[in-house]
Amino acid sequence: MRRFRRPGLPTSAVRELVGATRRTAVLRLGFVLAAAGLLAVAALASGTLGARPTSYFASGGGGIVVLDLSTSVDPRKGQRMQRVLRSLSQSSTRVGLVVFSDVAYEMFPPGTRGGELEALIPFFEPPAFDPTRRRDPQALRSFGLASPWTATFRGGTRISLGLEVARKVIERDGTRPTVMLVSDLDDSALDTEALTRELIRYETAGLDLRVVPLFAPAEDRDLFVRLVGEEAFVQNDELLRNSEIEERQSLVGTFPLVLALATACLLLLLALNEHIFARVAWRRA
């Protein structure tokens, strides 16, 4: 045990130093308790910062977007879709992309940099008003640039196929990202049974599903609320908050005043501890 004892100064005034020794022990205990208290305050403050991911995914770490490109997506719905894509492209989120109508395929694999989605935004630009084509019914349906998937997606909407492709991508990669469905939810009546089965597979596998409704009709939204619950829906205020993010950063939140003060006090306390309770040192004259 002698090897673990600190060397001391030999003195014959042990009794005179008893009071000082006790005061030092009490002060050290007080410093330790104060430091532990400040550390606890900092930990609690860090858990209540109100920070949120710049993406719509639960963890902010990435996910798979399942995008509805069926003919029922009109310019107004396309503009909201563009808003979602822009907010994802301006964040540091890693995403995958599955597109669908009556067929579905993987456009971007999971882990793709969010900025890659920026190339899709021009295809959802709202149409410019052209008074010369006011009576042209086709002019009301066209928006954005001529898309490369127009020739492929000519049929109706089968949401189950898009979700199925996303699930198989997750099984292939062995990851557990959040799946975000961006759709007007105007699903084919013939797809309801397949959609229900697919959502049951999601629940069985423990996959997290979020839904961004594109001005969905009440009956279609109610069906999804019954199937996945209201909490799965991205609300309008969250959509607006994410859309206003223009800086490339991973978290957005208010300045953590309590956390900053607790950290500053803790650092000051540690500095005082080193100054007050420093070991006695001496050197030769």
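Restricting the stretch 210-231 to residues that are farther than 19 Å from L69 by Cβ and of a type in the set (A, V, I, L, M, F, W, C), the residue that is surrounded by the fewest Cβ atoms within 10 Å (Cβ to Cβ) is A218.
Can you say whether A285 is more than 26 Å from the chain's Cα centre (by Cα) and at pLDDT below 90, as far as the supplied structure shows? Show your work before the answer.
Numbers: more than 26 Å from the chain's Cα centre (by Cα): yes; at pLDDT below 90: yes.
Yes; evaluated as a whole, the condition is true for this residue.
Condition check for K77 on (1) farther than 23 Å from G115 by Cβ; (2) buried (at least 23 other Cβ atoms within 10 Å of the Cβ): one failure, at (2). Of all residues in the stretch 45-67, none satisfies being modelled with pLDDT of 80 or more, surrounded by 13 or more Cβ atoms within 10 Å (Cβ to Cβ) and farther than 19 Å from T112 by Cβ.
The values are calculated or read from the model by the stated rules, or taken from the named source; none is laboratory data. As the structure is a prediction and not an experimental result, all values here were calculated from the model. We place every Cβ from the backbone using ideal geometry, glycine too, and count neighbours over all the protein chains shown.
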